[in-house]
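In what follows, a structure is listed as structure tokens, so that the remarks can point back to it.
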Amino acid sequence: MKTRRIDNYGKINRDKILSFRWDKKNYKGFEGDTLASALLANNIGIVGRSFKYHRPRGIFSSGVEESGALVTIGSKDRRDPNVRATTQELYNGLEASGQNAFPNVNFDLAGINNYLGRFFAAGFYYKTFMGIPPLEWGKGTAIWMFFEKFIRKAAGMGSASGLPDPDTYEHAHDFCDLIVVGSGPAGVAAAIEAAEKKLDVILVEQDSLIGGNQLAENDFDNSQIKNQLENLGIKIMTRTTAFGLYDNCVVGLLERVTDHISASNVNIPRQRFWTIRAKHIIVGAGAIERHIAFNNNDIPGVMTVNASKHYLNRYGVLTGKRIVIATNNDSVYETAHQLSEAGANVTVLDSRTNFEIETNKSFEIRKGYVPYNINGSKKINSLDISKSVTINKSETINCDQVLLSGGWSPAVHLLSHRGVKPKWDYNNACFLPSDTKENITMVGSSRGLWNKNDCIASGIAGTTDALNRLGISKTNYFFPKPGGWKNPIQPLYEVKYKKSRSKSFVDYQHDVTTDDVRLAHREGFISVEHLKRYTTLGMANDQGKMGNIIGLSLMAELLNKEISEVGTTVFRPPYTPVSIGALSGRNVGKHFRPLRVTPMHQWNIDHGAKMIEVGLYQRPWYYPKENETLSDSYIREASTVRKTVGICDVTSLGKIAIQGPDSTEFLNRIYSNGFSKLQVGKARYGIMLRDDGIVMDDGTSWRLAENEYFMTTSTGEAAKVMSWLEELLQTRWTDLNVNVTSVSEQWAGVSIAGPKSREVLNNCVDDSLVITNNNLPFMGVTSTFLKGNIPCRIARISFSGELAFEVYVKSDFANTMMDLLWENAKKYDGCLYGLEALGALRVEKGHVTAAELDGRVTIDDAGLSKMASTKKSYIGSAMRKRGVLKNNDREILVGFFPTNLKETFNAGTIVCEKNNIKGQGIGRITSVTYSPELGHWIGIGFVKGGLDKWKDTTLVGADPVRNKQMNLKVVSPHMIDPKGERMYA
Amino acid sequence: MIRINCPYCGERDHSEFSYGGDATINYPSLDASEKEWTEAIFFRKNIKGFQFETWHHSNGCRMWLVVERSTVTHEIKSVKPSHPDLQKIVENNK
Ligand SMILES: [Zn+2]
């Protein structure tokens, strides 16, 4: 195969040869190549198959706007689909393959779709598979769901590896005064001007080299510019894309750290996701050359004019031998000249008839001519041309390449991210950026400036604008007027060719043709946003970079309006795709979220605990003895607590210090039950409601002194309760003198429960008198010392229903406390118990937790009406009485037994009446356990009407997910020791 | 990204803060009627433009703030402590 590489051209390093594989064959390229330039040099024209029609696709561009050469890079767990070959730097050992083709891009069986084109017009999939009237959203949806996987396979691009990503990604942050996006003449001028004015500047460039479109020039050398920027202390970030602009001058960057090298070094992140907080943003993102719609304008060999200039001058690749350039503007003539100098036979078709251009006559110019049809399928054989867009006097030119330039579209995407709509400029046939109040300035060809001097001037003006807006200077400035060509552009978007099966592509990536746009119009999708979604024009990778304007011009024509009246779609971030890996950064695997452990975490593990996550906390789940299963273990633990004594880590409970002269008044307002008469040395269980009368949380508050309380909250609601108390004190009751401090991390807590708990504690405290029943009655609180002079707080609080104590020490003493308690508990055949046993004990007692208090339950629903004071007003006291919360058919807390006591059930079971097993039933089981005390399974949950209504009726527990059903008996939730005699012992 | 200039900590990302709600509500007394409470907690104006709202610097100084923010542009005009006494102190220290 002959190479298209030519001598004495390009900035590639010809001393450094790189080997790469394309579709399982070996090829060579040079350092400095992209995959696209290396493929072109190796004369590979077809690099993919199109989205719907599976038409052969070549390389259309030399940059991020590429919508044809989307390929898969790498293999196995490093397979990366839909990569633009035009931006993928070549490295030694690179593996790449074409997409959407079987068996390969040259011979694709699904190419038959091309001939079935009329079935694949806009909206085809939706119409055929989804909206099958009259079954729309009924059976039609099911049909769609059935076919979807086949459709997705047939229509689409590359596929992800499906394997865990072996690479690491990083999140990084930086600040600066000014961030400049783009290192073309405008961006560089802006950066230099700003650095000279002492601003802290970051310059971002998506390419591996700085220079912007100057890299396509044959005499461009960026080394001097680079030195100057570096000497001024400007931070240059290459291979970095500003993918999105956000509020307050925040810029999202994606830095590709290792995508251009072969060795995967686990110590270097593959990509870095930057959040830059700037004071001002200057965008010099350039402009993108458009193509022209005409029949078969997608045949491999079609390319933008500027791309071929890039391939020639940057990569030393002459993309064609007999080249036809079709244009409507002045920008192509330098390229035409250079291509013919490099040895190509060049013909320029210029749709304009009246213009003057200086050339050396090395190529032919056909004034007033336009292309209307390419002959060929896998490569270009010839081009049919016509004088004027209404095709007449047709003529055919033999050629192997067609270069297109339908004008240039300023890259206004980033500004559009900020909701700033661009405005249509009729004279320059493009959208120009509008002004914004935000500190964002557009410069260079991003604001429609076509010549270099204007771009440089705009860069300097942009920085002056920034300095003025930042209040650093007050200098007059002006931007050059948009445009800059000698002859005006003549709008040319489509050359119509009325022949059956003709296809003029608007959006290459999605196979959207001019006929699709017309079809959308006929079917009423005339808003540009609807047009976009219906046809998928400008969606996905493309984000309206290439085809958008053509689509809009067609819609304008159909509506008999100007493009300015049709408007444009909103561009959204990201400008180019951002990998999921970069978005998640290091927050993957065990770093997905923070992990909280209690100070006796290791102690628990050393003593055999199996752990379970509760919110962010790791808590002991159960402590199996050898060969014990979870249920063996928790049943033993719960039985031991009821028989002798058990010790349980309860440190994860929220703990809040409440201090100040108005503390009592404060608690009295936030709890539904009375706190005004709680004595020093006593604790009280309390329930907090929300403003709307629903239960927020439950917990205890201990009165340590006249003006000092120690509050505990549930594990899950701890953060919310803390914020709530702060909110009330800082925004609502600003006259109260109360201070709240989270002390959750400062105190380690255990529960010692069981008939022997006092005896165990007797051996552990300095002065055993302080915990006698007289000195520390039920709900009593004392501050005392454990042996070894360890200060502690002890409260006689029971969650298990047994005689029980909660003991808190400063976190540093956690392990000492555990050693001391455990040593003594062992003497009474005690146990360590975990969350599972704790759950069994509390379900037996009918105590509610987060499973029951789910944000929908009132205090009455939870069977805790006696906790709602009638003697005072408190948060939620008015709203808890509103009608909807007082309905007779509210679900009320009850206990459940299986009618057949040998049966089991699961939490989540739906409670139904017999013969009416459907929907949400009349209730639900929220928590279940095996009750060692009762010898069978029990549950608590809710049922409409509560115990009184159903105590004599057999109900049904339906568990459709697990395909289970059992008869249920409704019982009181207080299944053991309902009078609470044990805890008063 | 919204950046909030906390009067205590300086300008920080919104991810350090938690949104509260409407800062202009005068909550009725605890013994007020159900009707007054219903008005206070369920009825909100859907403002297009600047509104006063509470934010909690939950991953910072833990102070509740009143932020004057545009619902259209996210522009923030002012940030003050919620507590009136603290507001005065901040004002006087300017
Ligand atoms: Zn703060």
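Remark on segment A:316-447: ratio of C-alpha radius of gyration to 2.2 N^0.38 Å is 1.28.
Principal-axis analysis of the Cα atoms of chain A puts helix A:548-559 at an angle of about 80° to the longest axis.
Partner shielding of B:13-19 amounts to 2, given as the average count of beta-carbon atoms from other chains within 10 Å of each residue beta-carbon.
Could you tell me how far the Cα centroid of segment B:29-81 sits from the Cα centroid of segment A:601-636, in Å? Distance between centres, Cα-based: 44 Å. By the equivalent-ellipsoid construction on the alpha carbon gyration tensor, chain A comes out with semi-axes of 71, 33, 28 Å, ordered largest to smallest.
Applying the criteria of a DSSP loop state and at most 15 other Cβ atoms within 10 Å to the GluC sites (Glu not before Pro) of segment A:824-898 yields no site. Positive-end ranking of A:262, A:971, A:353 along the dipole of the protein assembly as shown, with charges on Cβ about the Cα centre, is headed by A:353. A Förster radius of 45 Å combined with the Cβ-Cβ distance from residue A:390 to residue A:570 puts the calculated FRET efficiency at roughly 0.85. Label-to-label distance for residue A:914 and residue A:2 is 9.2 nm, based on points extended 7 Å past Cα in the beta-carbon direction. Relative to the longest principal axis of the Cα atoms of chain A, helix A:452-469 runs at roughly 30 degrees. Among the aspartates and glutamates, select those whose C-alpha is under 15 Å from the C-alpha of residue A:590, and discard any that sit fewer than 8 residues away in the same chain. Hits, sequence-local ones excluded: A:165, A:613.
Within straight-line reach of residue A:28, meaning a Cα separation under 17 Å, sit the following lysines at least 8 residues removed in sequence or on another chain: A:2, A:11, A:16.
Per-peptide packing, taken as the mean over residues of other Cβ atoms within 10 Å, places A:360-373, A:477-490 in the sequence A:360-373, A:477-490 from highest down. Which of the residues in segment A:247-262 lose at least 10 Å² of accessible area when you go from the chain alone to all protein chains together (probe 1.4 Å)? Residues of segment A:247-262 that lose at least 10 Å² of accessible area once the other chains are added: A:247, A:248, A:250.
Taking 7 Å steps out from each Cα toward its Cβ at residue B:72 and residue B:11 produces label points 2.3 nm apart.
When each of the peptides A:611-618, A:496-503 is scored by how many other beta carbons lie within 10 Å of its residues on average, the order from highest to lowest is A:611-618, A:496-503. Computed from the Cα positions only, the extents of segment A:693-838 along the three principal axes stand at 53, 33, 30 Å, in decreasing order. Where in segment A:679-701 does the amide nitrogen come within less than 14 Å of the point 7 Å from the Cα of residue B:25, taken along Cα to Cβ? Only A:690-694 pass the distance filter. Each Lys and Arg Cβ is given +1 and each Asp and Glu Cβ -1; about its Cα centre, chain A then shows a dipole of about 2160 debye.
Residue pairs exceeding 22 angstrom between C-alpha atoms, taken from A:321/A:452; A:235/A:421; A:421/A:561; A:387/A:498: A:321/A:452; A:235/A:421. Can you tell me how segment A:208-249 classifies by the Cα gyration tensor, rounded, prolate or oblate, using a/c under 1.5 as the rounded cut? Because a/c hits 1.5 or more and a/b fails to exceed b/c, segment A:208-249 counts as oblate.
What does the C-alpha gyration tensor say about the overall shape of segment A:887-985? Classify as rounded when a/c is under 1.5, otherwise prolate if a/b is larger than b/c, or oblate. Cα axes put segment A:887-985 in the oblate bin. Taking every alpha-carbon pair under 8 Å whose residues sit at least 6 apart, chain A reaches a relative contact order of 8 percent.
Peptide A:723-730 shows a mean partner chain C-beta count of 5 within 10 Å per residue C-beta. Its alpha carbons give segment A:381-483 an Rg and a Dmax of 19.6, 63 Å. The residues packed around residue A:536, meaning those with a beta-carbon under 13 Å from its beta-carbon, carry a net charge of -2 if Lys and Arg are +1 and Asp and Glu are -1.
May I ask you to list the residues of segment A:413-448 whose amide nitrogen lies under 18 Å from a point 7 Å from Cα along the Cα→beta-carbon direction of residue A:220? Zone members listed by number: A:443-448. With a cut-off of 11 Å between beta carbons, the residues surrounding residue A:33 carry a summed charge of +4, where Lys and Arg count +1 and Asp and Glu -1. With only alpha-carbon pairs counted, each pair once and no self-pairs, how large is the Kirkwood hydrodynamic radius of segment A:791-891 in angstroms? About 17.2 Å, per the Kirkwood formula over Cα pairs. Extension gain for residue A:481 to residue A:628 (0.36 nm times residue separation, less C-alpha to C-alpha distance): 44.7 nm.
Computed over the Cα atoms of segment B:3-94, the ratio of the radius of gyration to the Kirkwood radius (Rg/Rh) comes to 1.01.
For residue A:643, go through the aspartates and glutamates and keep the ones whose alpha-carbon is under 20 Å away, minus same-chain ones fewer than eight residues off. Excluding near neighbours in sequence, the set is A:628, A:632, A:759, A:802, A:806, A:823, A:829, A:836, A:844, A:933, A:977, A:981. Between the helical axis of A:814-826 and the longest alpha-carbon principal axis of chain A there is an angle of about 40 degrees. Give the residues of segment A:478-506 whose amide nitrogen is closer than 15 Å to a point set 7 Å from the Cα of residue A:562 in the direction of its Cβ. Only A:491 fall inside the zone, counting backbone N under 15 Å.
Rounded to a whole number, what is D in µm²/s for segment A:850-926 from Stokes-Einstein with the Kirkwood radius over alpha-carbon pairs (37 °C, 0.692 mPa s)?
The diffusion coefficient I find is 223 µm²/s.
Remark: for residue pairs A:756/A:951; A:720/A:826; A:52/A:532; A:378/A:503; A:503/A:532, the C-alpha separation exceeds 26 Å in A:756/A:951; A:720/A:826. The smallest convex shape that holds all Cα atoms of segment A:173-284, its convex hull, gives 109 Å³ per residue.
Is the shape of segment A:655-742 best called rounded, prolate or oblate, per the rule: a/c under 1.5 gives rounded, else a/b larger than b/c gives prolate, else oblate, with a ≥ b ≥ c the square roots of the Cα gyration tensor eigenvalues? In terms of gyration-tensor shape, rounded. Using the Cβ-Cβ distance between residue B:50 and residue A:676 with R0 = 35 Å, the FRET efficiency computed as 1/(1 + (r/R0)^6) comes to roughly 0.25.
Please work out how much length the chain gains when fully extended from residue A:930 to residue A:367, using 0.36 nm per residue of separation minus the C-alpha to C-alpha distance, in nm with one decimal.
193.6 nm
Calculated [222 nm] ellipticity per residue, helices only, for chain A: -5500 deg cm²/dmol; basis is -39500 (n - 2.57) per DSSP H run with n ≥ 4, divided by all residues, nearest 500.
A simple spin-label model places the labels of residue B:43 and residue A:235 5.1 nm from each other, with each point 7 Å out along Cα-to-Cβ.
Counting only DSSP beta bridges with both residues in the protein assembly as shown, the antiparallel share comes to about 75 percent.
The values are calculated or read from the model by the stated rules, or taken from the named source; none is laboratory data. Just so we're clear, the structure is a prediction, and the values are computed from it rather than from any experiment. With ideal geometry, Cβ positions are generated from the backbone for all residues, glycine too; neighbour counts draw on all protein chains shown. The protein model used for the area step is the full one, side chains on, heavy atoms only, and it has no ligands, DNA or RNA in it. Shrake-Rupley method; radii C 1.70, N 1.55, O 1.52, S 1.80 Å.
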